[in-house]
Amino acid sequence: MSNLVERVLIIGLGLIGGSLAKALREQGCCGTVVGYDRDRDEMLAGLQLGVIDQVAENLAAEVEQANLIVLAVPVKATEEVLSQIKPYLSIETVLTDVGSTKGNVVEAARRVFGEIPDTFVPGHPIAGSEKSGVAAANSQLFNGYKVIITPLPESSASATRIVEQMWLQTGAIVLDMGVARHDEVLAATSHLPHILAFSLVDTLAKEEEKLDIFRYAAGGFRDFTRIAASDPTMWRDVCLANKEPLLKQLDSFTQGLAQLREAIEQGDSEMMLGTFTRAKAAREHFSRILSGTAYLDNMNTSNVVFRAQPGGSVTGTIRVPGDKSISHRSIMLGSLAEGVTEVTGFLEGEDALATLQAFRDMGVVIEGPHQGEVRIHGVGLHGLQAPPGPLYVGNSGTTIRLLSGLLAAQSFDTELSGDESLSKRPMERVAKPLRLMGAEIETGEGGRPPLKIKGGQSLQGIHYDMPMASAQVKSCLMLAGLYAEGTTSVTEPAPTRDHTERMLTGFGYSVGVDESTVSVQSGGKLTATNIDVPADISSATFFLVAAAITPDSDLTLEHVGINPTRVGVLNILRLMGADLELLNEREVGGEPVADIRIRYAPLKGIRVPEDQVPLAIDEFPALFVAACCAEGETVITGAEELRVKESDRIQVMVDGLKAVGADIEGTPDGAIIRGGQLTGGEVFAHGDHRIAMSFSIAALRSSGEIKINDCANVATSFPTFVDLANEVGLTIHKGEA
Ligand code: NAP
């Protein structure tokens, strides 16, 4: 590889300068690495320790020869060093620095140069230690850590590239940012914590019994105060250099601390719990948000493979995870209710957690989730507070669309944003009708997120004929309708899921339902209730089909949601001859639930009634498997929507089932399947969780193993699937290809 530059000069051979020199030298990417320090002993030590190739005996001559110069001196010394090197600096030499603050470094450069050279690109490695001096140099110091470069309007693209490449060579992750933003971000994330650590240790050290205090100090004290051992001079300089942003952060922290003090004095346990739960949740979410992987953990993981073994039977009693739609709504309505709502069976998936975090950001105290239990301290319909920044909802379409209706009616402005994939989804379908109600909403480019919602608008009730059937649009308008003057009604062209209507009723809010039209009036209130989230019938389906196709099976699935808009799978299986019994039917938070007992009975092929298709749309991959194990022919029509799900579910199932010996033909809107013996083989789930789980149960009736590739996403939608399957009698081994 050719060198990035022929000669690099590092001025200031301390911890950072020494570590950078050593890393560049080890990578062999910068020709000769020359070190300069005002302390000659440091330079000689650097040479002896193998940190640099050469010492700079004559600074002026070295500056003239260098292609790249890195200032690694204390920020305070920047101006002096720049003045020193200016007369010898060639117009081609790239110049950068490592200072912990950037605004004052740029000001210093302006004072020295007048016009900033286009070769100057400031930078700041977000890595370090409490040690200083060249003896502490460590070539791995930056490996895996972030480096922020702050190119200026004057900086040339080629100089920026060289500085970026230099840091990449050390193993760092390079980000770029504006100078002012850098100083604000660092004031909050680095400077404030250092000040707090110094102040805490100093305060405690003044106490009379300081020896005892330090002797008994527990891990928390040690963790929190580790950074108080940092270099005092450097931190004095940082405080001087970044005064304004730091003062802003200190003021807001002081205010938060005063509120907490007051809560402790008053014994206000709600306030304390609120602060601590918000902080705990934010701490857990932050690291992922910062790393840019928030809510996307399982998307790009390696090839998870399931190996489902042939045969077995399915017996026992299990409960599958909670319904996602109902988990979302339990948080929303629990937050808007008066009183404390206890939720059990909450689905702790990324999407529902995004809703939970959004309400926390709007000041709602939410405890948990802990093993599916959540306690929501409702603030009432008018108790939400302005969030500190944009509400980030990850990949959750339900959250963004439902919240937009609710937020359109609040007194404060909000912005809703999501991850890359959510940012491609259409939002005008909610924004348009909300505008008709008087909302002020701006969508991003092409009618997509982010959504900017202006607070303080008074909404008017409307009647809306939905152009397409969508439970999200309907729910969004109903939530806005809770605040709009008069009546808000929505007519749907085809039945959609009615979880919002049902749960509103469960919270004591009156909802009008007249055939295909639902309506709400403002002026009511929601009263807290307890919700045991029904198990998701779509997750239950894999086990229903497993028991239905396997001789000697007898399985009970507990507390399954049997909302009439979701029970297509039960109706279809019954038509095929399955032995299904609904036990203990009851209502929870407005939703009907039951325990479902299913025993083996021979299935027969049917023509699936088209009116059942929308009620079972997510269940078809598993139903394809049921049809392969039924006697005779099953014909599925009117299911073209399957082609635009997480995968083309018709094609992927046809390919996979053929590969394991089934007699199946795909059609544009369904399939024709003739039952028979499955042989086993290798299939591909194409990252579609429902396909992966469907082939897992197919092995119950195959003569050989079924190897299923691309199963990583099962962990997102149904993390306990493999364990539950193995518990009831399947044999699935999970591994990596
Ligand atoms: P350090 O270990 O104390 O090294 C600084 C070196 O610069 C010392 O050898 C010092 O010499 C020398 N120096 C001071 N004034 C000079 C001058 N006028 N001309 C030439 N050399 C001079 O400090 P460091 O931790 O490496 O910090 C260096 C820079 O990195 C600072 O700007 C700091 O903000 C930034 N930074 C530090 C960290 C961290 O965690 N330490 C992290 C990120 C960025 P003397 O010993 O004789 O003073």
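The values are calculated or read from the model by the stated rules, or taken from the named source; none is laboratory data. In this text, all values refer to a predicted model and were calculated from it rather than measured experimentally. Quick reminder, even Gly has a Cβ in these numbers, built from the backbone with ideal geometry, and neighbours come from all protein chains shown. These area figures cover heavy atoms from the full protein model, side chains too; ligands, DNA and RNA do not enter into them. Shrake-Rupley method; radii C 1.70, N 1.55, O 1.52, S 1.80 Å.
Counting only lysines at least 8 places from Lys86 when in the same chain, those with an alpha carbon closer than 24 Å to its own are Lys76, Lys102. Here the simple spin-label model places points 7 Å from the Cα toward Cβ, and for Asp176 and His382 these points are separated by 5.0 nm. Comparing Gly133, Ser694, Thr119 along the charge dipole axis of the chain, the residue lying farthest to the positive side is Thr119, per the Cβ-charge model.
Across segment 1-145, Cα pairs under 8 Å and at least six residues apart give a relative contact order of 30 percent.
When only alpha carbons are used to place a centre, segment 146-192 and segment 239-254 end up 21 Å from one another.
A simple spin-label model places pseudo-atoms 7 Å from Cα toward Cβ; at Phe113 and Gln84 they are separated by 1.9 nm. Straight-line cross-link reach from Lys604 at under 30 Å between alpha-carbon atoms covers these lysines, not counting any fewer than eight positions away in the same chain: Lys645, Lys658, Lys707.
When Rg and the Kirkwood Rh are both derived from Cα coordinates, the Rg/Rh ratio for segment 339-405 amounts to 0.95.
Placing +1 on each Lys and Arg Cβ and -1 on each Asp and Glu Cβ, with no other charges, gives segment 318-364 a dipole about its Cα centre of roughly 100 debye.
Report the charge-dipole magnitude of segment 592-737 in Debye, nearest 20, computed about the Cα centre from +1 at each Lys and Arg Cβ and -1 at each Asp and Glu Cβ.
The calculation lands at about 420 debye.
Across the protein chains, with a 1.4 Å probe defining accessible surface, the residues Cys476, Cys239 rank Cys239, Cys476 from largest area downward. Projecting the Cα atoms of Ile706, Ile636, Ser647 onto the dipole axis of segment 624-737, where Lys and Arg carry +1 and Asp and Glu carry -1 at the beta carbon, places Ile706 farthest toward the positive end. Shape index of segment 84-182: Rg/Rh, with Rg the Cα radius of gyration and Rh the Kirkwood radius from the inverse mean 1/r over Cα pairs, equals 0.97. Taken about its Cα centre, the chain carries a charge dipole of roughly 140 debye when the Cβ of each Lys and Arg holds +1 and the Cβ of each Asp and Glu holds -1.
For the chain, the calculated P(r), taken from all Cα-Cα distances in 10 Å bins from zero up to the bin holding the longest distance, is 3, 12, 18, 18, 17, 15, 11, 5, 1, 0 percent.
Centre-to-centre separation between the Cα atoms of segment 509-580 and those of segment 44-112: 69 Å.
Annotation: average projected area of segment 533-592 is 4.0 square nanometres, based on the convex hull of Cα atoms across all directions.
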